[in-house]
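Novice: Below are the C-alpha cells for one structure; questions will follow.
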Amino acid sequence: MKKSTKRIFALLLTAVMLLALTACGGDKKTEDPSTGGDTSAEAPSSNELTVYTAFPEAEVIYYFNAFEKETGIKINYIRLSAGEMLTRVAAEKDNPQAALMFGGSTDNYIAAEEQGLLEPYQSPELSSTPDTYIDPTGTWNPIYVGAIAFACNKDWFEEKGYDYPTSWDDLLDPKYQGEIIMAHPATSGTAYTVLATLVQLKGDDAVWDYLTKLNVNMSQYTKSGAAAPNSVALGESAIALTFSHDGLQPTAEGYPIELSFPSDGTGYEIGATALIKGGPADEQENAKKFIDWMCSEAGQGLYAENNSFRVPTNTKAPVADGLVTLDSVSVIDYDAVWAASVKSEYTEKFEAAIATAPTE
C-alpha cells in the first residue's frame, strides 16, 4: 500500500473513532443503574444574588457587605421605592431579573402574592418571631416593624416657639403651611401606610376632606419615603410623615430631629422580604440563605449595630438605644390585607383628588 493511501486510511479511521466516542459518551452523562435516570444533572448554582430593595442605600449596603463577608455570596442590587419595586417585579413577571424583594411594608408583599409574583418560602429562623407578624400564606418573611411618626425639626420648632403636633388634626394648623412633607402613596410604601392609616381612622368619606385640608400645608410629595425625613434633617421642611426608624436615622449623624406620635392613633408596618417567583434559578439557594440570615438573631442584630433604629421581629435580637417600639405608642389595629386590596384604587384617587389638585 502506498504511503498516501495509508495516510488517508488512518485519517478515516480516526474520524470514525471520534464519531463513535461522541455518540456513545461525548455528553458525559451517566445513568443510575437502579432507575435508568440521568444522574449527571446538578442544580445550577451561583456565587451571586440579585436583589430589588426598598431599604435606603446607605443602610442596605451595610447588610449586604456583612452577608457577603460571612457567606462569600456577592449581592447585586437595585434600590427602588417600595411602590416602584412592586411595579418592576410585576412588569418582569414573565422574565424575572431578580431573585429577591427586600424591605418595604407587607402591603406590597400581600399585593405581590395575590398577583402570583412571589414564591412561598418561610425561614426556619422565624421560630423567635411573634405569631402576629407571621404571614399566614407562608410566602413573605417579617424582618422589622415600625410605626408612622411626625419627624420634627427641633431647631425650627424652638425658633418658632411651637409645641410638636400630637394629633392628626394638629397638622391642619395654618402655621404649618408649606412645612409638611411626605412621599407619594403610589411610589412609597411609607406614604401608602399613612394614607391607609388615615382611611382606617377617619372613614372613607371624611378622609378626603381631611387630605384636601392637609394638602394646603404640604411642601411636596417625594418619590421615596426616606427622602421626607432627610428634608426635615436639612431644615427644608419642619415635619415629615414617615416611619419612626426613617425619622430617627439622621439623628445618628447629629441632625436635629425629634419624633412625635399622634395620640389619636397611628399605623405601622411589618417590613418583609420574599422570593420572586421564577427568579434566576442559580440564585435560589442564595436567596433562601439571605432570608434565613435576615430573620436570624445575628442578621437583625445589625439594626442596633448600624443605628438603623428598626425594631427587630426576632425577639432574641438586640434593641438599639432610643428605639421606638410599638407598645410605646398608640397604634391602631392596622389592616394590611385590606390596605393591599385597595391600593390601586386609593393611590389613583389620591393622585387625582389631592396630589395634582390645585390649592387655594
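Novice: Ignoring solvent entirely, what values of log10 I(q)/I(0) come out of the Debye formula for segment 258-309 at 0.15, 0.22, 0.31 Å⁻¹ when each Cα is a single scatterer?
Specialist: At q = 0.15, 0.22, 0.31 Å⁻¹ the computed log10 ratios are -0.65, -0.93, -1.16.
Novice: Also, quick follow-up: Just subtract the alpha-carbon distance of ALA298 and ALA206 from 0.36 nm times their residue separation and send over the number in nm, one decimal.
Specialist: Numbers: separation 92, 0.36 × 92 = 33.12 nm, distance 4.49 nm.
Net length gain for the segment: 28.6 nm.
Novice: Could you give the radius of gyration (one decimal) and Dmax (whole number) of the Cα atoms in segment 203-332, in Å?
Specialist: Using the Cα atoms of segment 203-332, the pair Rg, Dmax is 17.9, 52 Å.
Novice: At R0 = 35 Å, how high is the FRET efficiency between ASN95 and GLU158 if r is their beta carbon distance? Nearest 0.05 is fine.
Specialist: The value I calculate is 0.05.
Novice: Here's something else I'd like to know. Modelling each spin label as a point 7 Å along the Cα-to-Cβ direction, I'd like the GLN177/ALA357 distance in nm, to one decimal.
Specialist: For the pair GLN177/ALA357, the computed spacing is 1.8 nm.
Novice: According to the square roots a ≥ b ≥ c of the eigenvalues of the Cα gyration tensor, what is the shape class of segment 54-144, taking rounded for a/c under 1.5, prolate for a/b larger than b/c otherwise, and oblate for the remainder?
Specialist: Values: a/c = 1.61, a/b = 1.06, b/c = 1.51.
Verdict is oblate for segment 54-144.
Novice: Enter the Cα centre distance for the pair segment 264-303 and segment 116-161, rounded to the nearest angstrom.
Specialist: Spelled out, the Cα-based centre of one part sits 11 Å from the other.
Novice: Shifting gears a bit: Helix 3-25 sits at what angle to the longest principal axis of the chain, using alpha carbons and giving 0 to 90 degrees rounded to 10?
Specialist: Tilt relative to the chain: about 40 degrees.
Novice: Moving to a separate point now. Taking only C-alpha pairs under 8 Å that are 6+ residues apart, what is the relative contact order of segment 37-184 in percent?
Specialist: Answer for segment 37-184 is 18 percent.
Novice: Report ³J(HN,Hα) in whole Hz for each residue of segment 234-248, in order, from the Karplus equation J = 6.51 cos²θ - 1.76 cosθ + 1.60 where θ = phi - 60°; Gly and Pro get x.
Specialist: With the stated coefficients, segment 234-248 comes to 8, x, 7, 9, 9, 9, 10, 8, 7, 6, 4, 5, 5, x, 7 Hz.
Novice: In nm, what is the difference between 0.36 nm times the number of residues separating VAL337 and ALA281 and their Cα-Cα distance?
Specialist: Extra length available between VAL337 and ALA281 comes to 17.2 nm.
Novice: Which residues in segment 161-176 place their backbone N less than 17 Å from a point set 7 Å from the Cα of LYS213 along the Cα-to-Cβ direction?
Specialist: Residues 165-176 fall inside that zone.
Novice: Normalised by the residues of the chain, what does the relative contact order come to in percent, with Cα pairs under 8 Å and at least six apart?
Specialist: Details: 666 pairs, mean separation 87.0, N = 360.
It rounds to 24 percent for the chain.
Novice: Dipole of the chain (Lys/Arg Cβ +1, Asp/Glu Cβ -1, origin at the Cα centre): which of ASN95, ILE148, SER260 lies farthest to the positive side?
Specialist: Going by the charge dipole, the pick is ASN95.
Novice: Taking only C-alpha pairs under 8 Å that are 6+ residues apart, what is the relative contact order of segment 222-360 in percent? Could you put the intermediate results ahead of the total?
Specialist: Details: 120 pairs, mean separation 28.5, N = 139.
Contact order relative to length: 21 percent.
Novice: Further question on the same structure: Long-range amide H contacts for ILE257: which residues qualify at under 5 Å (H placed 1.01 Å from N, peptide plane, sequence gap of 5 or more or a different chain)?
Specialist: Amide H neighbours of ILE257, under 5 Å, 5+ apart: LYS154.
Novice: Could I ask something else about it? Name the aspartates and glutamates eligible as straight-distance cross-link partners of LYS213: C-alpha to C-alpha under 13 Å, and not fewer than 8 places from it in the same chain.
Specialist: ASP169, ASP170, ASP173, GLU360
Novice: Using a simple charge model, +1 on the beta-carbon of Lys and Arg, -1 on the beta-carbon of Asp and Glu, nothing else, what dipole does the chain show about its Cα centre, in debye to the nearest 20?
Specialist: Computed about the Cα centre, the dipole is about 2320 debye.
Novice: Additional query: Return one number: the angle in degrees, 0 to 90 and rounded to the nearest 10, between the long axis of the Cα atoms of helix 82-91 and the longest principal axis of the Cα atoms of the chain.
Specialist: That works out to roughly 40 degrees.
Novice: Moving on. Expressed as a fraction of 2.2 N^0.38 Å, the rule-of-thumb size for a compact globular protein of N residues, what is the C-alpha radius of gyration of segment 263-360?
Specialist: Rounded to two decimals, the normalised Rg is 1.47.
Novice: A follow-up question, please. Once Rh is set to the Kirkwood radius over Cα pairs, what Stokes-Einstein translational diffusion coefficient, in µm²/s, holds for the chain at a temperature of 10 °C and a viscosity of 1.306 mPa s?
Specialist: Translational diffusion coefficient: 70 µm²/s.
Novice: Taking Cα atoms, how many degrees apart are the long axis of helix 57-71 and the longest axis of the chain, rounded to 10 and kept between 0 and 90?
Specialist: 40
Novice: Report ³J(HN,Hα) in whole Hz for each residue of segment 184-198, in order, from the Karplus equation J = 6.51 cos²θ - 1.76 cosθ + 1.60 where θ = phi - 60°; Gly and Pro get x.
Specialist: 8, x, 6, 10, 10, x, 4, 5, 5, 5, 4, 4, 5, 5, 5
Read-outs throughout are calculated quantities, based only on the coordinates presented, and are distinct from any laboratory measurement. Remember, predicted model here, so these are calculated numbers, not experimental data. Cβ: placed from backbone, ideal geometry, glycine included. Neighbour counts: every protein chain shown.
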